[in-house]
Amino acid sequence: MKTKLFLLTFLTSTILLFGQTSDRIAGVRQKIEAINTEKSYQIKKLDNDYFVNLKNEATDGGRELSGYYKNGKLQKIVYSVGLSYGMKTCEYFFSDNELIFGFEKKDQFADIKDQSNQVTGLDYTKIEPVYTGRFYFENSKLFSIKQTGKEIFTKMDKKSKEAELLKDSKVFRLELQKAKSK
């Protein structure tokens, strides 16, 4: 009898917790959809010249940082960088100046293989998706992670990923503010 009661309690609490998380994700997705469908943004774009000439930072394939503002408030940041092995794109979504969602996409250049199937180089004209990550936040806390594919070079626990996304979004926000005031 105790086993059945324990099992029933465990299943009920698991279902309730999952339901709460899925409701929270749905709320964040609703905000993301509203941000993505907005058409009247003021866009501040920092292209590769900004990073090379002003910051003395160069990458193999360049980089770009864009901030999407509505009524003076930052709603979204898009950062893309070309690397020696492919491309990385990150998006950060904000509600009331707070990070609510982070999205990462990593693509790599296709392998060039010889007749014996050995990799001999990279085909810079073809990109293959390798990884996507969706990171849901509430009150500056990462509460859900959805990932597909494999991370390139990075293995992080939830706490480290939370800190990285919060830090990066803050750094990008400051870069955009600094450039916007010029």
- Task: Look at residue 148 and say whether it is without any contact (Cβ under 8 Å) to a residue 40 or more places away in the chain, open to solvent by 20 Å² or more (accessible area, probe 1.4 Å), under 15 Å from the mean Cα position of the chain (by Cα) and on the phi < 0 side of the Ramachandran plot.
- Result: yes
- Message: Given the criterion assigned to a strand (DSSP E or B), open to solvent by less than 40 Å² (accessible area, probe 1.4 Å) and within 25 Å of residue 26 (Cα to Cα), identify the matching residue among 78, 130.
- Response: 78
- Which ones in the range 72-93 are of a type in the set (A, V, I, L, M, F, W, C) and in contact (Cβ under 8 Å) with a residue 40 or more places away in the chain? 74, 77, 87, 90, 93
- Quick one: is residue 61 surrounded by fewer than 20 Cβ atoms within 10 Å (Cβ to Cβ), touching a strand residue (DSSP E or B) at 6+ places or on another chain (Cβ under 7 Å) and under 19 Å from residue 126 (Cα atoms)? yes
- Query: Here are some conditions: (1) under 22 Å from residue 26 (Cα atoms); (2) in a strand (DSSP E or B). Residue 161 meets all but one. Which one does it not meet?
  - Reply: (2)
- Can you tell me which residue among 80, 84 is hydroxyl-bearing (Ser, Thr, Tyr), under 27 Å from residue 47 (Cβ atoms) and in contact with a strand residue (DSSP E or B) (Cβ under 8 Å, 6 or more places away or on another chain)? 80
- Taking the range 133-145 and keeping only residues that are touching an Asp or Glu at 6+ places or on another chain (Cβ under 8 Å), part of a strand (DSSP E or B) and open to solvent by less than 80 Å² (accessible area, probe 1.4 Å), one is left with 133, 135, 137, 142
- Message: Test of understanding: among 107, 111, 123, which residue is assigned to a strand (DSSP E or B) and in contact with a Pro (Cβ under 8 Å, 6 or more places away or on another chain)?
- Response: 107
- Message: Condition first: of a type outside the set (Asp, Glu), part of a helix (DSSP H, G or I), within 27 Å of residue 124 (Cα to Cα) and open to solvent by 80 Å² or more (accessible area, probe 1.4 Å). Now tell me which residues in the range 21-58 satisfy that.
- Response: 53
- Query: Looking at (1) in contact (Cβ under 8 Å) with a residue 12 or more places away in the chain; (2) surrounded by fewer than 16 Cβ atoms within 10 Å (Cβ to Cβ), which is the only condition residue 112 fails?
  - Reply: (1)
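The values are calculated or read from the model by the stated rules, or taken from the named source; none is laboratory data. Keep in mind the model is a prediction, meaning the values are calculated, not measured. All Cβ positions, glycine included, derive from the backbone under ideal geometry; neighbour counts span all protein chains shown. Ligands, DNA and RNA are stripped out before the accessible areas are found, and what is left, the full protein with its side chains, is counted by its heavy atoms. Shrake-Rupley method; radii C 1.70, N 1.55, O 1.52, S 1.80 Å.
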